[in-house]
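Q: First, the structure itself, so that you have it in front of you.
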């Protein structure tokens, strides 16, 4: 019988209580209410998640200091940082028994010294399943190996949105296959965008493989990582499976969330003069490393190496990758699309490609143009099509098809927003300056002419 339960039969955790014989006979409910209240309270205690506690926080701090001293790539700095941790521990700064809070306090000390430094609280988790064919983690597979989306924008601008740079090796090429598939889809692009705004990091091996798509074989552009154990490079062992794109205009979009290996990709392409970086300065975490366990639930992430770029002679630690074209993160992709279309127009594949790029660029710019006030001039029925005013914008309607928003290009001429920017509408005026017809033109030269019916 549990010491807090007073009835003859009960299950405290489930708050199920059976009355004692005396209670059944006397109908005494007061005692019963007390039992129920106690049972519910105990059930709440049993259901609440346990808070991880640490008995010797100063010992944990010493383990963190030792891990830094033994593994941080810069040995003199490692000793100095470890000494700072030990001094803080001796002053009682880490006398915290809750593991998560202790991790935060330790991170506050070491974090300013390196963009990767942190003490992580890692409560036990279920084992991650293996990916397809037993290669890679199930998490990577479910995240499409970092390939969030692949888009071919009008005008022939391809964009690949990467949320991590997944690792691969000869035993598991799934991540490499995912990148190859993405680049195959955008093979016909006139310009290419890599969107790294939400890419926090990943594998140096993938950095080398991606850079290899845009520079000649043997190019001396790859970072060298220096550590206490020696040096290694990001140079890929082989060229890209989908071929190199040495002349394709390339734009890389970044933000303050772009970190680590994703910064390395942007920095390397920028230093090589191969990409225009658009957006906001990146996180500034250059030095790669890994977690060193200090307790069952705590690990300190220590940087084991530092990259040196052969062109700049330095890296992006602290300062981050600086964009060539500054733009707020939320608008950076649109700005990159504009720049990509302009680049495509400078060297189009052919006349039709140039026309598509120009129309797409005009439509993109029209999204920010002042809208005309004389909307009622255009509203009406035009055969199978109609023009209506919705939310102070003109929309084109036809049967059950979704309405298309029109964007102003000039007097009586409009582009079509969204997924149909390679269409243009020109309104024609007649007597007394009244709109009498509408001409819908497609980028391939085809036109549809409709007379106004009302």
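Q: With respect to residue 418, determine if the residue is at pLDDT below 95 and farther than 23 Å from residue 368 by Cα.
A: In short, no.
Q: Could you say which residue among 340, 354, 336, 327 is in contact with a helix residue (DSSP H, G or I) (Cβ under 7 Å, 6 or more places away or on another chain) and either without any contact (Cβ under 8 Å) to a residue 40 or more places away in the chain or closer than 20 Å to residue 417 by Cβ (or both)?
A: Matching residue, one of 340, 354, 336, 327: 354.
Q: Here is a further query. State whether the residues of segment 382-400 include one that is within 20 Å of residue 446 (Cα to Cα) and without any contact (Cβ under 8 Å) to a residue 12 or more places away in the chain.
A: no
Q: Of all residues in segment 270-294 being in contact with a helix residue (DSSP H, G or I) (Cβ under 6 Å, 6 or more places away or on another chain) and on the phi < 0 side of the Ramachandran plot, which is surrounded by the most Cβ atoms within 10 Å (Cβ to Cβ)?
A: So the first thing to find is which residues in segment 270-294 are in contact with a helix residue (DSSP H, G or I) (Cβ under 6 Å, 6 or more places away or on another chain), and the list is 275, 277-280, 282, 285, 292, 294.
Adding the requirement that they be on the phi < 0 side of the Ramachandran plot leaves 275, 277-278, 280, 282, 285, 292, 294.
Working: 275: 23, 277: 26, 278: 28, 280: 21, 282: 30, 285: 24, 292: 19, 294: 22.
Going through the qualifying residues, I end up with 282.
Q: Right, here's the next one. Show me the strands (runs of 3 or more DSSP E) found entirely inside segment 105-215 where at least 3 residues are within 20 Å of the chain's Cα centre (by Cα) and modelled with pLDDT of 95 or more.
A: 147-153, 157-162, 191-195
Q: Continuing with this model, one more query. Those residues that are free of Cβ contacts under 8 Å to residues at least 60 places away in the same chain and touching a helix residue (DSSP H, G or I) at 6+ places or on another chain (Cβ under 6 Å), I need them from segment 424-454; list them, please.
A: Across segment 424-454, the qualifying residue is only 435.
Q: Give 436, 426 a once-over and let me know the one that is more than 30 Å from residue 191 (Cβ to Cβ), not assigned by TED's automatic domain parsing to the domain that holds residue 324 and not in a loop (DSSP other than H, G, I, E, B).
A: Details: 426 fails: more than 30 Å from residue 191 (Cβ to Cβ).
Result: 436 is the single residue among 436, 426 that is more than 30 Å from residue 191 (Cβ to Cβ), not assigned by TED's automatic domain parsing to the domain that holds residue 324 and not in a loop (DSSP other than H, G, I, E, B).
Q: In segment 302-324, what residues are in contact (Cβ under 8 Å) with a residue 60 or more places away in the chain, surrounded by 20 or more Cβ atoms within 10 Å (Cβ to Cβ) and at negative phi?
A: Within segment 302-324, the subset in contact (Cβ under 8 Å) with a residue 60 or more places away in the chain is 302-311, 315, 317-318, 320-321, 323.
Now restrict to residues that are surrounded by 20 or more Cβ atoms within 10 Å (Cβ to Cβ): 302-303, 305-307, 309, 315, 320-321, 323.
Those that are in contact (Cβ under 8 Å) with a residue 60 or more places away in the chain, surrounded by 20 or more Cβ atoms within 10 Å (Cβ to Cβ) and at negative phi: 302, 303, 305, 306, 307, 309, 315, 321, 323.
Q: Do we find that residue 248 is modelled with pLDDT under 95 and under 22 Å from residue 160 (Cα atoms) in this structure?
A: It is false that residue 248 is modelled with pLDDT under 95 and under 22 Å from residue 160 (Cα atoms).
Q: Considering only residues of segment 440-449 that are in contact with a strand residue (DSSP E or B) (Cβ under 6 Å, 6 or more places away or on another chain) and crowded, with 16+ Cβ neighbours inside 10 Å, which is farthest from residue 395 (Cα to Cα)?
A: Checking each candidate, the answer is 441.
To keep it simple, each residue is scored yes or no on (1) within 21 Å of the chain's Cα centre (by Cα); (2) more than 29 Å from residue 100 (Cβ to Cβ); (3) assigned to a loop (DSSP other than H, G, I, E, B).
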| residue | (1), (2), (3) |
| --- | --- |
| 273 | no, yes, yes |
| 283 | yes, no, yes |
| 301 | no, no, no |
| 334 | yes, yes, no |
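Q: Can you name every residue in segment 87-99 that is surrounded by fewer than 18 Cβ atoms within 10 Å (Cβ to Cβ) and in contact with a strand residue (DSSP E or B) (Cβ under 6 Å, 6 or more places away or on another chain)?
A: Across segment 87-99, the qualifying residue is only 97.
Q: Residue 222 - would you say it is part of a loop (DSSP other than H, G, I, E, B), touching a residue at least 40 places away in the same chain (Cβ under 8 Å) and either surrounded by 24 or more Cβ atoms within 10 Å (Cβ to Cβ) or touching a strand residue (DSSP E or B) at 6+ places or on another chain (Cβ under 9 Å) (or both)?
A: Judged against the criteria, residue 222 is a match.
Q: How many of the residues in segment 236-256 are surrounded by 16 or more Cβ atoms within 10 Å (Cβ to Cβ) and assigned to a loop (DSSP other than H, G, I, E, B)?
A: 7
The values are calculated or read from the model by the stated rules, or taken from the named source; none is laboratory data. Predicted model, so just to flag it, every value in this text is computed and none were measured. Cβ atoms come from the backbone with ideal geometry, glycine included; neighbour counts cover every protein chain shown.
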